[in-house]
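Enquirer: Encoded as C-alpha cells, here's the structure I'll be asking about.
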Amino acid sequence: MTGTLLSPVVDLSQDEKLRNWAGNYIYSTDKLDNAKSVEEVQRLLKKYNKLKVLGTRHCFNGIADSKDHFISLSQFNKDISLDTKANTVTVASGVRYGELATHLYNNGFALHNLASLPHISVAGACATATHGSGSKNGNLATAVSGMEIVTAAGNIIHLSREKDGEQFSGAVVGLGGLGVVTKVTLDIQPAFMVRQDVYENMPLQQLEKKFDTIMSAGYSVSLFTDWQNKNFSEVWIKSRMDEGLKPEYKTEFFGAKPATKNLHPIVELSAENCTEQMGIPGPWHERLPHFRMGFTPSSGKELQSEYFVPRDKSYAAILAVQQLHEKITPHLMITEIRTIDADNLWMSPCYKQPSTTIHFTWKQDWPAVSRILPLIEAQLAPFNARPHWGKLFTMSPIHLKSLYKKLPDFLQLLKQYDPKGKFRNDFLSRNIYSS
C-alpha cells in the first residue's frame, strides 16, 4: 500500500468517524449495516452494488476499507458447535479468538496456536494469514477445514479441505475478495498446558549458526529487539506441558539470563496485561497469546509492519535490517522475530515456504515510517520478503504480485465468485487486480 491510502490521524476525542482499533486509519465511509443472520447478509448483498465486511478492525491499512458500504457480523449468532468425533469446531466468522478459546478450553479442547492478541476475529485473521509463532506451527488459517461463504450473487456455498482441494486452498486466505464468510470450521485437539519462560539479553550473533535450535527451543518462541547493541532484549519461550514432557528451567539460554519478573515486550512498560511468565504452567489459551484475554487494546498510538522471509535466509535477512538500526530505532517501539511453518494456501505468505517474520511495532508517526519502510523493503528484497496483508508496506504491486506463484489462479477464483467486483476495493484493485 502507499501513503495515499492512509487517512490522517486525528484526535479521537473530537472525532467519531469509523476507524481501525489503532486509530491510524479512517475508513472511507461510515455507512454500516449489522447483519444478524445469513438471510440478512443475502438481503444486503442484493441491496448494495459494492460493499465490504468490517471485522474487528485490526488491520493497519485499507484491505477492509470501502467507499460505499460496510456489513458487520459482530451481532451475528455466536453459537459455537463442537464435533468431537471429527475434532472440529464450527463458529460464526465474527467470533473472536478469545471467546472461542475459552469455550474450547472449558470443553477440554484447544486450537494449535493463537496470535499475540486474542481479540481478533476468526474470519478476519484467517483471511489475512495472521499467525502466532512456532517452527512447526502453521498460521491460524491452516486450522481451517471448512467455510460457509455467501457469494456476490447471494448464493450460500460450503467449501471443505476434504472435498474441494485446490479451490479450498485458494479460498481460505481470501483477502476479503470472495464473498461474506459467515461460518468457519477449524481443526481442534485435546487441551494442553503451557509454561512461559522469558530470558533477557541474548546476543544477535548467537543466531548465526543456531537460529533453528533457538527458535525450536519451545512450542512457540519470540525474540524481541530494538536493533540497538546487536542484542535481543527478551526471548519468550512457550513450552507445551504434555504428559511425560516437563521442560526444564535453564539458568542460561544462549547467553541470555532468566528474567526475574514478568516482562512486557517493551521493557519500560508494565507487564500487568501480559500473560503469566516465570515458568508457571497454565492453560494453552492463557499462555500462547502475549496479552491476557481480558485486556482490550486501546485505540492506541502505534503502527505495524511485518515481512516474511524464507526460514533458511533468516540470519542474513536480520543482519540486512540491522544495518538500518540508526534509522529504525528512533521511530520504533519494538521488533519481534517469529517462525511459521509452510502451508498450501495460495495467498499465504508461507505458501510452500517455512518462514521467519520480522515484525515492527512503530510509534504512530506515518511520515517517518513511510520513509523507513522502502529502505527496509530494499534490504529484504534479495530474500523475496512478503509483507503481511493487513499491515503497512510500500512495496510496488508489480513486485508484490511476483512473489505469489498462485496469483493467476486466485484471480480466476475471484472472477468466479465475484464477477462484477462487488467486494473489490482500492487495496485489492491496486495490489491484486492491477495489470
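The values are calculated or read from the model by the stated rules, or taken from the named source; none is laboratory data. Note that the structure is predicted; figures quoted are calculated from it, not measured. Ideal geometry is used to build each Cβ from the backbone, glycine not excepted, and the neighbour counts take in all protein chains shown.
Enquirer: Can you go through HIS285, HIS290 and tell me which one is modelled with pLDDT under 95 and touching a helix residue (DSSP H, G or I) at 6+ places or on another chain (Cβ under 6 Å)?
Expert: HIS285
Enquirer: Only one residue in VAL9, VAL41 is of a type outside the set (Ser, Thr, Tyr) and at pLDDT below 90. Which one?
Expert: Exactly one of VAL9, VAL41 is of a type outside the set (Ser, Thr, Tyr) and at pLDDT below 90, namely VAL9.
Enquirer: Checking GLN364 against (1) out of contact with any Phe, Trp or Tyr (no Cβ under 9 Å at 6 or more places or on another chain); (2) part of a helix (DSSP H, G or I); (3) in the same structural domain as ALA316 (by TED's automatic domain parsing), only one condition comes out false. Which one?
Expert: With respect to (1) out of contact with any Phe, Trp or Tyr (no Cβ under 9 Å at 6 or more places or on another chain); (2) part of a helix (DSSP H, G or I); (3) in the same structural domain as ALA316 (by TED's automatic domain parsing), GLN364 is out only on (2).
Enquirer: Here's something else I'd like to know. Consider VAL144 carefully, then state whether it is in contact with a strand residue (DSSP E or B) (Cβ under 9 Å, 6 or more places away or on another chain) and more than 30 Å from ARG240 (Cβ to Cβ).
Expert: So VAL144 does not fit the description; no.
Enquirer: Pairs please, first residue from the stretch 219-239 and assigned by TED's automatic domain parsing to the domain that holds ARG287, second anywhere and polar (S, T, N, Q) and assigned to a strand (DSSP E or B), Cβ atoms under 6 Å, 6+ apart in sequence or on different chains.
Expert: Qualifying pairs under 6 Å: TYR219/SER239; PHE224/SER233; THR225/THR335; ASN231/ASN201; PHE232/THR225; TRP236/SER222; LYS238/GLN196; LYS238/SER220.
Enquirer: Take the stretch 390-435 and flag every residue that is more than 19 Å from SER28 (Cα to Cα) and of a type in the set (Phe, Trp, Tyr).
Expert: PHE393, TYR404, PHE410, TYR417, TYR433
Enquirer: Given the conditions (1) closer than 23 Å to GLN167 by Cβ; (2) free of Cβ contacts under 8 Å to residues at least 12 places away in the same chain, report the number of the one that TRP346 does not fulfil.
Expert: (2)
Enquirer: Output the number of the condition that ASN384 fails; it satisfies all remaining conditions of (1) within 27 Å of ILE214 (Cα to Cα); (2) crowded, with 21+ Cβ neighbours inside 10 Å; (3) not charged (D, E, K, R).
Expert: Every listed condition holds for ASN384 apart from (2).
Enquirer: Let me ask you something else. Does PRO310 meet the test of being outside the structural domain of GLY98 (by TED's automatic domain parsing) and at pLDDT below 95?
Expert: When the stated conditions are applied, PRO310 does not pass them.
Enquirer: Then there is this: Across the stretch 101-114, what is the number of residues that are without any contact (Cβ under 8 Å) to a residue 40 or more places away in the chain and either within 20 Å of the chain's Cα centre (by Cα) or farther than 24 Å from VAL53 by Cβ (or both)?
Expert: So the count comes out to 2.
Okay, residues lined up against (1) of a type in the set (Val, Ile, Thr); (2) surrounded by 20 or more Cβ atoms within 10 Å (Cβ to Cβ):
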| position | (1), (2) |
| --- | --- |
| SER121 | no, yes |
| LYS136 | no, no |
| ALA141 | no, yes |
| VAL144 | yes, yes |
| ALA153 | no, no |
| ASP164 | no, no |
| VAL184 | yes, yes |
| VAL198 | yes, yes |
| PRO203 | no, no |
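Enquirer: How many residues does the stretch 374-392 hold that are touching a residue at least 24 places away in the same chain (Cβ under 8 Å) and either over 22 Å from TYR315 (Cβ atoms) or in the same structural domain as THR142 (by TED's automatic domain parsing) (or both)?
Expert: Going through the stretch 374-392 one residue at a time, the tally reaches 4.
Enquirer: Follow-up question, since we're still on this one. Can you name the condition, by its number, that THR213 falls short on among (1) outside any helix (DSSP H, G or I); (2) over 19 Å from ILE328 (Cα atoms)?
Expert: (1)
Enquirer: While we're here: Write out, first by first residue and then by second, each pair whose Cβ atoms fall under 8 Å of each other, whose residues are 6+ apart or on separate chains, and whose first residue, in the stretch 411-435, is in contact (Cβ under 8 Å) with a residue 60 or more places away in the chain and over 20 Å from PHE168 (Cβ atoms) while the second is of a type in the set (A, V, I, L, M, F, W, C) and surrounded by fewer than 16 Cβ atoms within 10 Å (Cβ to Cβ).
Expert: Pairs that qualify, where the first residue is in contact (Cβ under 8 Å) with a residue 60 or more places away in the chain and over 20 Å from PHE168 (Cβ atoms) and the partner is of a type in the set (A, V, I, L, M, F, W, C) and surrounded by fewer than 16 Cβ atoms within 10 Å (Cβ to Cβ): there are none.
Enquirer: OK, next. Mind listing whichever residues of the stretch 86-100 are assigned to a loop (DSSP other than H, G, I, E, B) and surrounded by fewer than 21 Cβ atoms within 10 Å (Cβ to Cβ)?
Expert: ALA86, ASN87
Enquirer: Within the stretch 385-410, can you find the residues that are under 25 Å from ILE340 (Cβ atoms) and assigned to a helix (DSSP H, G or I)?
Expert: Answer for the stretch 385-410, where residues must be under 25 Å from ILE340 (Cβ atoms) and assigned to a helix (DSSP H, G or I): PRO397, HIS399, LEU400, LYS401, SER402, LEU407, PRO408, ASP409, PHE410.
Enquirer: Right, something else. If you check THR356, THR329, which single one turns out to be of a type outside the set (Phe, Trp, Tyr) and buried (at least 16 other Cβ atoms within 10 Å of the Cβ)?
Expert: THR356
Enquirer: Take GLU200 and tell me if it is in contact (Cβ under 8 Å) with a residue 40 or more places away in the chain and more than 27 Å from GLY294 (Cα to Cα).
Expert: Considered against the rule, which asks whether it is in contact (Cβ under 8 Å) with a residue 40 or more places away in the chain and more than 27 Å from GLY294 (Cα to Cα), GLU200 comes out as no.
Enquirer: Also, I was wondering about something else. I'm trying to understand the selection: among the residues of the stretch 138-184, which are under 22 Å from ALA115 (Cβ atoms), of a type outside the set (A, V, I, L, M) and in a strand (DSSP E or B)?
Expert: Passing the criteria: SER145, GLY146, THR182, LYS183.
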